[in-house]
Amino acid sequence: MAVFIGLFSGRCSSRVKVAKGNRLWPDYLDNSFDQLVATLQSGLPKIRDNDASHGQGAKPKAVPDYIAAYALHLAACKIVFITEAAKNK
């Protein structure tokens, strides 16, 4: 349960460090999760800033489905992985 508490507080990079510290994945996947942090820090904010809440301006703009799907899948696949790994710890 302590693993879950650490996973749901703080920034993404901190959450990945907690998960890594609890050895939720094999060492050979470390680079993949380092890339996740970089992607989440560079990909999702860009979408939010340009196409969503911050980038809409006074008039809401439609975000293409493929951009929304990209943002969703970008975050979701490894969030599910980390959550399932924590359940099995």
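How much length would be gained if the chain were fully extended between TYR66 and LYS20, taking 0.36 nm per residue of separation minus their Cα-Cα distance, in nm to one decimal? Walk me through the numbers on the way to the answer.
On the way: separation 46, 0.36 × 46 = 16.56 nm, distance 3.09 nm.
Stretched fully, the TYR66-LYS20 segment lengthens by 13.5 nm.
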Problem - Eligible aspartates and glutamates near LYS46 by straight Cα distance, threshold 19 Å, same-chain separation 8 or greater - result: ASP34, ASP65
Handout entry: Sequence-distant aspartates and glutamates (8 or more away, or on other chains) whose Cα lies within less than 15 Å of LYS59
Key = ASP49, ASP51
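Every number here is computed from the coordinates shown, using simple stated rules; none is lab data. Small disclaimer: the values here were computed from a predicted structure and weren't measured.
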